[in-house]
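Report on one structure; see the data block that follows.
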């Protein structure tokens, strides 16, 4: 989450007049994240998050994301609920951007999750994958292999500014993944961006899962690989096997992993590490002027990718 587009008091009041949500009491930007403009809104009736979708979001994809959130919420997943206006519309326009008002979820995100919190994540991820079985809409993952090649093409000439030899490292990894990427694993609707700042906790209990704007149709095990990358390394980028094994253990209890999914985890983890290396590298080399956000350091994912490249067996990730 972040703030790129400013909304003044008058514009906000005109926007809220289209809803039955009361009048604004407080309104402030949320600086975390990198994708969209987000505000915490408190009205005379409740608290909400107001999101303005920036240029990276394809407007044609937005109904999919909002429908996905509504479906998961209806199945008991603690995901935000898009608020519909007096005409029944969830997707609106504000300050020249597509926009949506969504329900506020309580809880706090964690920077360094414990093994028990990783276990809660694994159970929640399995619940989400199971709950999405009844969601029939399809959105192919535009940040899978084909998308990684396109991203690499845009940053190849400047990658070595961040780390000498990084361009060759990316090209070699893409060649490996082209040959090794699995072709027939269980698939369905996934979150695809389930970082710790997108999960809210009270203690060790998950009270909210947010930011579904990379949701897509892909391998369930790839979603697990993203979580292993995002949740199972410490501040020094050292892999924490206890976190990974608790995550996969509780996932497997709630949705049984197939042998093929387990075997594919090392390759999927390499792919997930490369995906976030590429997007972070792009943002690092192309900062948005005046954005109230600092791009994430791509070097974190260089180190994680190097770890996964040394893994030869899925036993490093599972019980």
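Read the figures in this text as sums done on the coordinates, not as results from a lab. All of these numbers come straight from a predicted model, not from anything done at the bench. Methodologically, a virtual Cβ is constructed for each residue, glycine included, from the backbone with ideal geometry; neighbour enumeration extends over all protein chains shown.
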*Pick from 102, 170, 25: which is most flexible by mean-square fluctuation in a GNM of the chain where alpha carbon atoms under 10 Å apart are linked?*
25
*How much mean residue ellipticity at 222 nm does the chain get from its helices, if each DSSP H run of length 4 or more adds -39500 (n - 2.57) and you divide by all residues, to the nearest 500 deg cm²/dmol?*
-13500 deg cm²/dmol
_Expected output is a single nm value to one decimal: the length gained when fully extending between residue 45 and residue 285, i.e. 0.36 nm times separation in residues minus the C-alpha distance. What is it?_
82.2 nm
_Compute the helix-to-body angle for 166-180: its Cα long axis versus the longest principal axis of the chain, expressed 0 to 90° and rounded to tens._
80 degrees
*Express in whole angstrom the spacing between the alpha-carbon centres of region 1-71 and region 135-193.*
30 Å
*asked:* 7 Å from Cα along Cα→Cβ at both residue 263 and residue 171: what's the point-to-point distance in nm?
replied: 3.2 nm
*asked:* For region 69-108, take N as its residue count and report Rg(C-alpha) divided by 2.2 N^0.38 Å.
replied: 1.31
_Relative contact order of region 9-103, pairs being alpha-carbon contacts under 8 Å that are 6 or more residues apart, as %_ = 25 percent
*Report the relative contact order of region 23-179, percent, no decimals, based on alpha-carbon pairs under 8 angstrom and at least 6 residues apart.*
16 percent
*Degrees, to the nearest 10: 259-285 long Cα axis against longest axis of the chain*: 60 degrees
*Which of 244, 73, 87 moves the most in a Gaussian network model of the chain with Cα springs under 10 Å?*
87
*Beta bridges per DSSP with both ends in the chain, % antiparallel, nearest 5*: 95 percent
_Counting other beta carbons within 10 Å of each residue's own, what order do 26, 103 fall into, fewest first?_
26, 103
*Note the angle between two axes, namely the Cα long axis of helix 220-231 and the longest principal axis of the Cα atoms of the chain, as a number of degrees from 0 to 90, rounded to the nearest 10.*
90 degrees
_Computed label-point distance, nm, for sites residue 236 and residue 106 using a 7 Å Cα→Cβ extension_ = 3.8 nm
*Starting with the fewest neighbours, write out 100, 269 ranked by other beta-carbon atoms found within 10 Å of each beta-carbon.*
100, 269
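Under the definition of Cα pairs under 8 Å and six or more residues apart, what whole-number percent is the relative contact order of the chain?
RCO, the chain: 18 percent.
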*Evaluate the distance, in nm, between pseudo-label points positioned 7 Å from the Cα of residue 145 and of residue 205 along their respective Cα→Cβ axes.*
4.4 nm
_Rounded to whole Å, give me the distance from the Cα center of region 75-134 to that of region 201-270._
17 Å
*Here are some values of percent of Cα pairs over 28 Å apart: (i) 45; (ii) 31; (iii) 40. Which one was computed from this structure?*
(iii)
